[in-house]
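The values are calculated or read from the model by the stated rules, or taken from the named source; none is laboratory data. Computed from a predicted model, the values in this text were never measured in an experiment. Cβ sites come from the backbone with ideal geometry, for glycine too, and all protein chains shown count toward neighbours. For the accessible areas, the whole protein counts, side chains as well, though only heavy atoms, and no ligand, DNA or RNA atoms are used. Shrake-Rupley method; radii C 1.70, N 1.55, O 1.52, S 1.80 Å.
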Amino acid sequence: MPGALDGLRIVEFAGIGPGPFTGMMLADHGAEVIRIDRPGASFGPAALARSRRSIALDLKQPEGVAVARALCGTADGLIEGYRPGVMERLGLGPDALLADNPKLVYGRMTGWGQHGPLADLPGHDINYIAVAGVLEGIGRPGAPPVAPVNYVGDFGGGGMLLAFGMVAALLAVRRGAAGQVVDAAMTDGAALLAAMSWGFRGAGMWRDGAGANLLSGAAPFYRSYGCSDGRFVAVGAIEPPFYAALLDGLGLAGDSDFAQQMDVARWPAQSARLETIFATRSRDEWAEAFAGTQACVSPVLTMGEAAAHPHNRARGTFDEVGGSIEPAPAPRLSGTPAAAPTSPGAVGADTDAVLGALGYDDEKLAALRASGAIQ
């Protein structure tokens with residue numbers, strides 16, 4: 001059965017990180033995604049390049065730019081992750097391509113956005129989430145903030161939000177709107193992911209600082225604890241019945257020191273006591289002790305352990321693609337489910353087929369190859 005985005009053609013100008021993540025999400029759900037790769041380049045992480053077709057174009061050659069422009073004229077959407085102005089200098093900016101194809105959804109992925117004082121400066125995930133006000137609250141009190149890998153800026157606030165923005169704009173086109181530019185900035189997206197925290201702040205319920213709030217590690221019932229084997233458990237017993245189940249499982253039911261769950265002044269002492277208790281058993285012993293209860297206690301798994309966990313196996317949370325374990329497409333659609341991902345082929349493997357469908361015959365392909373515009 002075709003995926004929900006079947007029939008849509010997306011042209012992806014190959015990059016790293018969040019742009020390919022957007023392409024992966026759209027391809028997972030059935031869009032035809034054609035990557036424009038540099039001749040001789042490699043894909044990078046295979047999961048981010050899965051389920052695509054690839055053509056190899058040298059965009060430094062006028063002939064290569066002309067091919068890219070012709071391909072974009074047949075597309076519903078475009079993904080690019082270059083610094084502001086690069087696509088314009090290539091002659092592939094939104095003014096030119098929307099003139100060619102007025103219904104094109106032009107997706108732009110950057111850290112700082114297309115305008116603003118920082119727009120032309122380099123940066124990475126950690127910089128974007130720092131300026132967005134997100135990094136400051138992640139980590140332990142009194143220690144430097146901890147970078148959450150590059151999940152928040154690159155992928156959550158970047159690639160995933162660009163995918164959402166593009167689908168929203170593509171839906172608008174289907175309902176009669178014109179094509180448009182989707183300006184996805186990781187700073188904007190990271191700030192949006194923190195919307196609930198901003199709500200707490202507006203209500204006077206948020207304190208600055210790492211580990212200073214209920215959901216950032218201050219609460220003894222919502223944090224991770226070390227175990228006797230050097231591994232960890234995650235505790236998320238917020239609601240009163242879950243908190244009661246946690247205390248029961250720890251042998252603390254009726255303990256007056258834990259009677260007032262939301263007494264912030266008691267939290268440090270409670271946390272210290274729970275640290276001592278959790279350190280008496282191994283991670284898996286605690287996981288077994290709390291299995292089937294409502295205490296919201298989970299083992300902190302490695303990536304390999306997560307792939308083998310019975311719940312994830314039952315749901316198919318991970319797939320084996322080309323011999324490697326990767327996250328499966330998400331979310332699940334009941335009527336138009338995503339197909340199983342496919343491994344990326346070689347860079348440029350689809351050049352002749354894609355350009356042939358655009359009307360480039362053998363003679364034209366040979367001329368492009370001789371010029372170095374295609375691989």
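Ranked by the mean number of other Cβ atoms within 10 Å of their residues, highest first, the peptides 149-159, 343-353 fall in the order 149-159, 343-353.
For region 85-186, what is the accessible area per residue in Å², given a 1.4 Å probe and the full set of protein chains?
Working: 4980 Å² over 102 residues.
Counting only protein heavy atoms, the per-residue value for region 85-186 is 49 Å².
When the surface is traced with a 1.4 Å probe over the full set of protein chains, GLU12 keeps roughly 0 Å² accessible.
Rg and Dmax of region 192-336, based on Cα coordinates, read 18.0, 56 Å. Rounded to a whole number, what % of the accessible area of the chain do carbon and sulfur atoms account for, probe 1.4 Å? The C+S portion of the solvent-accessible surface of the chain is 58 percent.
Whole-percent P(r), region 175-268, all Cα pairs, 10 Å bins from 0: 13, 33, 26, 14, 8, 5, 1.
Angle of helix 161-174 to the longest C-alpha principal axis of the chain, folded into 0 to 90 degrees and rounded to 10: 50°. Beta bridges per DSSP, both residues in the chain: antiparallel share near 35 percent. If only the Cβ of Lys and Arg carry +1 and only the Cβ of Asp and Glu carry -1, the dipole of region 1-116 around its Cα centre is close to 200 debye.
A Stokes-Einstein calculation at 20 °C with viscosity 1.002 mPa s, built on the Kirkwood radius of the chain over Cα pairs, returns a diffusion coefficient of 91 µm²/s. The accessible area of ASP183, taken with all protein chains in place and a 1.4 Å probe, comes to roughly 60 Å². Rolling a 1.4 angstrom probe over the protein heavy atoms, how many square angstrom per residue are accessible across region 292-341? With the other protein chains kept in place, region 292-341 gives 65 Å² per residue. The angle between the Cα long axis of helix 18-28 and the longest principal axis of the Cα atoms of the chain comes to about 80 degrees, rounded to the nearest 10. Stick to the Cα atoms of region 132-209, pair each with every other, and give me the Kirkwood hydrodynamic radius in Å at one decimal. Kirkwood hydrodynamic radius for region 132-209: 14.3 Å. Volume per residue of the convex hull around the Cα atoms, evaluated for region 1-56, comes out as 66 Å³. Against the longest principal axis of the chain, how steep is helix 62-72, in degrees 0 to 90 to the nearest 10, with axes from Cα atoms? With both axes taken from Cα atoms, the answer is about 60 degrees. Two numbers describe the Cα atoms of region 222-278: Rg and Dmax, which are 11.1, 31 Å.
Computed from the C-beta positions of ALA234 and ALA346, the FRET efficiency with R₀ = 41 Å rounds to 0.50.
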